[in-house]
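Enquirer: My questions all concern the structure below.
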Amino acid sequence: MKRDWIWYFSVMGLIALFLILYETNVFANLTKEDTEVVRVENPQAASDATEQEEEQEEILDGEFTVINKEKNMKDEEVVKNERQAEDGIIPSRISIPAIDVDASVEEVGILDNGEMGVPEDPMKAGWFEPGTQPGNRGNSVIAGHVDSRTGPAVFYHLDQLKKGDEITVTGEDGEEKTYVVQKLESYPENQSPIEQIFGSTNEKRLNLITCTGEFIRDQGGHQDRLVVYSTLKEPVEEVEVPTNVKVSGAFVTWHAVRSDNVVGYRVYESRDDGETFEKVASISQHERKAYSESKAGEYQYYVTAVDQQGNESAPSSIAMGSYK
Amino acid sequence: MQNIKRILITLLAFMMLMPSIAMADSHATVKTPASDLRATLDQLLSEHFVLATTYLMKAYDEAPDQDAVWEKLDQNAQDMTPAIASIYGDEAAQQFEDIFRGHNDYVDGFVEAAKNDDAEARQMAEAEVEEFVNEFGGFLATATEGNLPEDAAKQVLEAHEQDVVKVFDHYVNEEYQEAYQAFREGFNRMFDISKALSSAIVTQMPEKFEQTKADTPAADLRSNLNALASEHFALAVLEMQKGYDQAADYDFVTWAENEHTSDFKAAIASLYGEEGAVQFEKVWQQDHITAQSEIVTAALEEDEEARQMAEENLMMFAEDFGAFLATATEGNLPEDAAKEAVWQHEEQVLNTFDAYVDGDYTKAYDHFREGYGFMFGIGETLGDAIVKQMPDQFEQDMMPEQMPDTGMGGMSDGITTWMWAAFGVLAVVAAGALYRKQTNS
């Protein structure tokens, strides 16, 4: 029997060790080693960085100026960077194929204590109804439990998502909006950058929230919040290629693309017989479709069209001057 | 020694005088009474076309400036009356005015028919045009005493009316490339009409026009330059308006401008060769066509700085183009005068546009008419400089009206006087010879 006890203590010891290891989160670290979650201890500093990013975007947007066509040009001011019309949905389901999530979504609001509400049912996700509808410009927010008292909940594997994974939200009328994961960040619960998650933005975003971090019951539960940031995957429409690109004298000219969605054109120039092309001009849709260069006759050119979402068309045929 | 020096100096002075002597000898000029008549008709007829087509588009769009355009279209018709009166007298001029001013009213018929999609109204408008073509064709044939045959007159009027309607129909159908193609064709046809009409009048009244012709190479050159310069002005004004309104046909006006540029280039090539033409095209496009469009962009974006820059570019163009013209004409067009004229033109373009942006349409089209007329002064001055530069090419100007009077008519008198005279001389000589022989012997 002595041998039995040796076995017994060995097994029990192993189990105890296992439990101790479990308590110290070794496994969590092992299994979650390859997540892309970035833990942000000081979101204030981080939000500065985000702001800078937004400014950059403004500069990129400034490449083309869009004149507001709705208004009477005679007396109304010109509006730059006009955006597309809204078309949001009221979400009823969310599916995330990468982590086998397919759950129904219900509307939640703000609780009396100021927190965002979460569905009673741990297998349901909650869409923050006072906020942005999925599909619209702004931050739509959907939150879900990571676990219930008894086991994993709807967003248990949320931290396993990778950049590029897709999230599909289905509206009440069956319309789908697909988002692409951009980044995963976790914050100490009371230091989360609320403005960045819920505030206004020029982009069309969907942010998923769940709990993460250590569970400390007497401190209100999970210590951190995980936020998965994703942006709307716009249906990629092929941008029409500009035609009739011609070099005559000092002018490179082309025919405009007759589409309301096109905001401008990029002109590319090659000074080495077509080996390499470099962008030399961005021409907005309301401008004359011409690029002026006194040596245009010696170079080669192609032109692309760019739509409101920044999609660029394929290059036009290459044009060159009649004399060299 | 002293003598040789004096001879050399005299020779030198003489050689220096030579060019001016040669020039004084050359009578090549675009400034003849016949050529002036043709230029006047060039201006009035082509302006009529531009205003008529512009009015049709604006009226169809119910644009706020449609009334101002209409007013100028009517003024243009009234301006033709004194021109006719100076040739055919007041009575005929009045008759002309009645027919011609009246025909402008038909355009509203086309606009209303298109807006209401009313086939019957359209037919009525077409019938009225036909009536005008017959009536006015008859008037012209009678006035020119058949020098412009009635059939030819009607044909050319018919073609013109078709041009106007074609521009309008394509515009309504949103076939803008075709519309501006028709615009360019119709515009240039006005200069053909002017040539035919002025030639007929000049042939009818050679004395009134001092025996000069309206269809000499020099007159042709002046008229071609008139057409090129004034079409540029008309398209520039239209382009800037359409660009500012972001009209659907904006890109097609710029297309028409590019087509016009290559026509102008071809004209320069025929005068100064391919190299000069290439140079012309670059100067013409850069700081000019581009800058005029930049003025529009600046207005749309309300960018004061961009406006300033575009204006500076236009000033640069006045400098560059003035210098180009002076060099090309070898100083026959003085550089300063050329620069000043070009800048004056740019100012007129800017004034027309600015008044349009301000919504002061009467002022805008006042500036338009002034600027449009100015282009014909450019045609005259530049044309004359070119003709003076290359008198050989335009010398035909001096072809006499009739063959020389190289006989005194003596041969036609039957028995000729000189036979009698010769007979008399012979008789006297023979008599003399006989007399000497007799005295010697």
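Enquirer: Any chance you could tell me what percent of the C-alpha pair distances in the range B:93-178 go past 21 Å?
Expert: Value for the range B:93-178: 36 percent of Cα pairs lie more than 21 Å apart.
Enquirer: Evaluate the Kirkwood expression for the hydrodynamic radius of the range A:126-222, namely the inverse of the mean inverse distance over all pairs of different C-alpha atoms, and round to one decimal in Å. Walk me through the numbers before you get to the answer.
Expert: Numbers: mean 1/r = 0.0683 Å⁻¹.
Answer for the range A:126-222: a Kirkwood hydrodynamic radius of 14.6 Å.
Enquirer: Hey, fewest Cβ within 10 Å first, where do A:HIS222, B:HIS232 land in order?
Expert: Listed from fewest to most nearby Cβ atoms, that is A:HIS222, B:HIS232.
Enquirer: Based only on other Cβ atoms within 10 Å, what is the fewest-to-most ordering of B:SER223, A:SER292, A:SER104?
Expert: On the way: B:SER223 26, A:SER292 23, A:SER104 15.
So the ranking, lowest neighbour count to highest, is A:SER104, A:SER292, B:SER223.
Enquirer: Something else: Just want to confirm a number: the relative contact order over the range A:83-232, from Cα pairs under 8 angstrom separated by 6+ residues, in percent.
Expert: 23 percent
Enquirer: Inside 10 Å of the C-beta atoms of A:238-251, what's the mean count of C-beta atoms belonging to other chains?
Expert: So the per-residue partner count for this stretch is 3.
Enquirer: Out of every Cα-Cα pair in the range B:216-397, what percent are more than 25 Å apart?
Expert: I get 32 percent for the Cα pairs in the range B:216-397 exceeding 25 Å.
Enquirer: Which of the three applies to the range B:292-369, rounded, prolate or oblate, going by the alpha-carbon gyration tensor with a ≥ b ≥ c and a/c under 1.5 meaning rounded?
Expert: oblate
Enquirer: Report relative contact order for the range B:30-215 in percent, whole number only (criteria: Cα-Cα under 8 Å, sequence separation at least 6). Write out the running numbers ahead of the final one.
Expert: Details: 205 pairs, mean separation 55.3, N = 186.
30 percent.
Enquirer: Run the dipole for the range A:243-320 about the Cα centre, Lys and Arg Cβ at +1, Asp and Glu Cβ at -1, nothing else charged, and hand back the magnitude in debye, nearest 20.
Expert: For this selection, approximately 300 debye.
Enquirer: Still on this structure, I have one more. For chain B, what are the DSSP H helices with axial Cα length of 20 Å or more and mean Kyte-Doolittle hydropathy of at least 0.0?
Expert: Details: long enough: B:2-25 (33 Å, 1.13); B:33-61 (42 Å, 0.07); B:66-103 (33 Å, -0.71); B:119-143 (36 Å, -0.03); B:150-172 (33 Å, -0.46); B:176-204 (42 Å, -0.31); B:217-245 (42 Å, -0.08); B:250-284 (33 Å, -0.35); B:304-328 (36 Å, -0.04); B:335-358 (34 Å, -0.78); B:361-389 (42 Å, -0.32); B:417-440 (34 Å, 0.62).
Those that clear 20 Å and a mean of 0.0 are B:2-25, B:33-61, B:417-440.
Enquirer: Let me ask something else. Treat every Asp and Glu Cβ in the range A:83-232 as -1 and every Lys and Arg Cβ as +1, leave all other atoms uncharged, and give the resulting dipole magnitude about the Cα centre to the nearest 20 debye. Kindly include the intermediate steps, with their values, before the conclusion.
Expert: Details: 13 positive and 26 negative charges, 97 e Å.
About 460 debye.
Enquirer: Could you give me D for the range B:117-165, from Stokes-Einstein at 25 °C and 0.890 mPa s, where the hydrodynamic radius is the Kirkwood radius over C-alpha pairs? Units µm² s⁻¹, please.
Expert: Using the Kirkwood radius from Cα pairs, D works out to 217 µm²/s.
Enquirer: Give the residue from A:ILE194, A:THR253, A:PHE215 lying farthest towards the positive end of the charge dipole for the range A:191-264; charges sit on Cβ (+1 for Lys and Arg, -1 for Asp and Glu) and the dipole is referred to the Cα centre.
Expert: A:THR253
Enquirer: If you put +1 on each Lys and Arg Cβ and -1 on each Asp and Glu Cβ, how big is the dipole of the range B:307-348 around its Cα centre, in Debye rounded to 20?
Expert: My answer is approximately 80 debye.
Enquirer: Another question about this same structure. Which entries of B:LYS242/B:LYS339; B:LYS31/B:LYS388; A:LYS124/A:LYS177 show an alpha-carbon separation above 20 angstrom in the structure shown?
Expert: Those over the limit are B:LYS242/B:LYS339.
Enquirer: Report, by chain and number, residues whose modeled amide H sits under 5 Å from the one on A:SER248, excluding near sequence neighbours (fewer than 5 apart, same chain).
Expert: Here A:THR253 satisfy the definition.
Enquirer: In Å and whole numbers, how far do the C-alpha atoms of the range A:200-324 stretch along each principal axis, longest first?
Expert: Between the extreme Cα coordinates on each principal axis of the range A:200-324 lie 82, 31, 20 Å.
Enquirer: What number, in percent, do you get for the relative contact order of chain B if the mean sequence gap of Cα pairs under 8 Å and at least 6 apart is divided by its residue count?
Expert: Details: 480 pairs, mean separation 83.9, N = 441.
Here the relative contact order equals 19 percent.
Enquirer: Considering the options B:PHE110, B:ALA328, B:PHE187, tell which one lies farthest towards the positive end of the dipole of chain B, charges being +1 on Lys and Arg and -1 on Asp and Glu at the Cβ, about the Cα centre.
Expert: Of B:PHE110, B:ALA328, B:PHE187, it is B:ALA328.
Enquirer: Taking every pair of alpha-carbon atoms in chain B, give the share separated by more than 33 Å as a whole percent.
Expert: In whole percent, the long-distance tail amounts to 47.
Enquirer: Based on other C-beta atoms within 10 Å, arrange B:ASP67, B:ASP105, A:ASP100 from fewest to most.
Expert: Result, fewest neighbours first: A:ASP100, B:ASP105, B:ASP67.
Enquirer: Per residue and in Å³, how big is the convex hull formed by the alpha-carbon atoms of the range A:171-268?
Expert: On the way: hull volume 17.1 nm³, N = 98.
Normalising the Cα hull of the range A:171-268 by residue number yields 174 Å³.
Enquirer: Same structure, new question: Any idea which of B:LEU37, B:ALA83, B:ALA59 is furthest toward the positive side of the dipole for the range B:30-215, if Lys and Arg beta-carbons carry +1 and Asp and Glu beta-carbons -1?
Expert: Of the listed residues, the answer is B:LEU37.
Enquirer: For the range B:30-215, take every pair of Cα atoms, bin their distances at 10 Å starting from 0, and report each bin as a whole percent.
Expert: 10, 36, 35, 15, 4, 0
Read-outs: derived from the displayed coordinates by stated rules, not from any lab. The model shown is predicted, which means the values in this text are computed figures rather than measured ones. Positions of Cβ are generated from backbone atoms using ideal geometry, with glycine treated the same way; all protein chains shown enter the neighbour counts.
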